[in-house]
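Q: Mind looking over this structure? Questions follow.
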Amino acid sequence: MGKLRVVSVKMPEQLYNEMILRIPKNERSTFIREAIMEKIQKIPKADKILELEQRLEKIERCLTNIVPLKHIVERVNAYTFCRDEIDQKIIEYLMNYKGATTPELTEYVKTNRWLVLNRLRRIQKASRKQLGKSLIEYFPGKRSGKKKAWWINQELVEACCA
């Protein structure tokens, strides 16, 4: 229970005398508090229910507006996840060749292998966070004649370029 407040109550003398007879002196406060709580629980919270219904309606309206946006998210420009020219070159290469190993990208971008790898991971993480699925993904097995390569998500790119 939280902080207690003092309340004064006017009641008929007959009810007061009945309470004195039935309830011991040190339990009267608890009895009155429990009686009030019991009575309050039976009464519906009209204002709160109305407020919650209004909030629920607002949420429903927002959700109906979000559903059409789900289809728009799929039509994303692959270059929105690029920070600079290096990222743009990486995305450009992946879009043209559908996939590439890290050494192939390093040779194309003409930079450090670790820089390319970190950029790929950053683009992957940022796209997953924003879109719910990755724009690029790493596949360690053999796919289309390449082992341990990065692949661009064709659904997102086709939607972007269509």
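Coordinate-derived values only; no laboratory data. Everything numeric in this text was worked out from a predicted model, so none of it was measured. Cβ sites come from the backbone with ideal geometry, for glycine too, and all protein chains shown count toward neighbours.
Q: Of the residues 127, 134, only one is surrounded by 10 or more Cβ atoms within 10 Å (Cβ to Cβ), outside any helix (DSSP H, G or I) and under 33 Å from the mean Cα position of the chain (by Cα); which? Walk me through it before giving the result.
A: Working: 127 fails: outside any helix (DSSP H, G or I).
134 is the lone residue from the list that is surrounded by 10 or more Cβ atoms within 10 Å (Cβ to Cβ), outside any helix (DSSP H, G or I) and under 33 Å from the mean Cα position of the chain (by Cα).
Q: Follow-up. Kindly indicate whether residue 122 is farther than 24 Å from residue 141 by Cβ and of a type in the set (D, E, K, R).
A: Details: farther than 24 Å from residue 141 by Cβ: no; of a type in the set (D, E, K, R): yes.
Taking the combined requirement at face value, the residue does not satisfy it.
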